[in-house]
DNA sequence: GTCGTTGCAAAGCGTTTGCAGCCTA
DNA sequence: TAGGCTGCAAACGCTTTGCAACGAC
């Protein structure tokens, strides 16, 4: 199975790369749809799944939102900030660290996920 | 609209209180179903929604799981630990703190959510 | 021309809602 | 008895999948 280059795939990847923050499927459809009108949701879902497997995309799960978001992989370790007003999600660099001291003895920590909430610089 | 006490409501609340960790609707149905066989999912969904509004329940969102979990409200500030092996979720006391220093200037932090992953003491 | 890709529509999955009958107060 | 509560099934929103037409190579 050799993959082929199509306008849809190109537009989807270009859009996600360009916005540089986690985006959901509906946003991708809208964004990539400006380059390729009429793009179908199944195509976007298939593209992000392929991106995840290929390793250039990662999932971002936002508590309270049933819809999965996606962003480019390969960034430095970071977390996310969701604006309580406009709903946009931003990357935040840095990490509190030393989290393994929080867990009970006998448990082993392998990873963590942190989401901050508040108001972004536009909505303050 | 005066609420009435029913076996289902009692069983649902008793189960959630008893397990003392976040549980999903399917788990509640199974657990409460031992006291009240044949309990319907709609009843559980309506009960947890009522619990949220009444304030004795809080939602717990687990990244990567589309299903919302619930636990008793009123606990001290805490976070959650999900076992990568058995999938169970445990409360972890404590908090890294000083998170507002992570966000860009111009942003205002109002809240945060942290989930740790790894192996619980049973699955190590 | 081959066969991976696309868009549509149908199917899945968790959750919500309409409704007739049940049961608490 | 009144009207809130329950279970069933249909409806919903997001995501996945089947399928015939399309188009990259």
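Miscellaneous remarks
- Scanning region B:42-73 for residues that are surrounded by 14 or more Cβ atoms within 10 Å (Cβ to Cβ), within 13 Å of DNA strand D (Cβ to nearest atom) and either in a strand (DSSP E or B) or under 12 Å from the mean Cα position of the chain (by Cα) (or both) gives B:48, B:51, B:68.
- So residue B:97, is it in a loop (DSSP other than H, G, I, E, B), modelled with pLDDT of 90 or more and either within 7 Å of chain A (Cβ to nearest Cβ) or out of contact with any strand residue (DSSP E or B) (no Cβ under 8 Å at 6 or more places or on another chain) (or both): no
- Evaluation of residue B:32 against the conditions (1) closer than 26 Å to residue A:109 by Cα; (2) within 11 Å of DNA strand D (Cβ to nearest atom); (3) crowded, with 19+ Cβ neighbours inside 10 Å shows that the sole unmet condition is (1).
- Filter result for residue A:39 (within 11 Å of DNA strand C (Cβ to nearest atom), away from every other protein chain (no Cβ under 14 Å), over 17 Å from the mean Cα position of the chain (by Cα) and surrounded by 19 or more Cβ atoms within 10 Å (Cβ to Cβ)): yes
- Residue match in region B:6-18 (condition: within 11 Å of DNA strand C (Cβ to nearest atom) and within 13 Å of another protein chain (Cβ to nearest Cβ)): no
- The one condition in (1) surrounded by fewer than 12 Cβ atoms within 10 Å (Cβ to Cβ); (2) within 30 Å of residue A:5 (Cβ to Cβ); (3) away from DNA strand C (no atom under 14 Å from the Cβ) that residue A:86 fails to fulfil: (2)
- Scanning region A:11-29 for residues that are within 15 Å of DNA strand D (Cβ to nearest atom) and either more than 14 Å from residue A:45 (Cα to Cα) or in a loop (DSSP other than H, G, I, E, B) (or both) turns up just one, A:22.
The values are calculated or read from the model by the stated rules, or taken from the named source; none is laboratory data. Treat the numbers as computed from the prediction; the structure is a model and nothing was measured. So basically every Cβ, Gly included, is an ideal-geometry build from the backbone, and we count neighbours across all protein chains shown.
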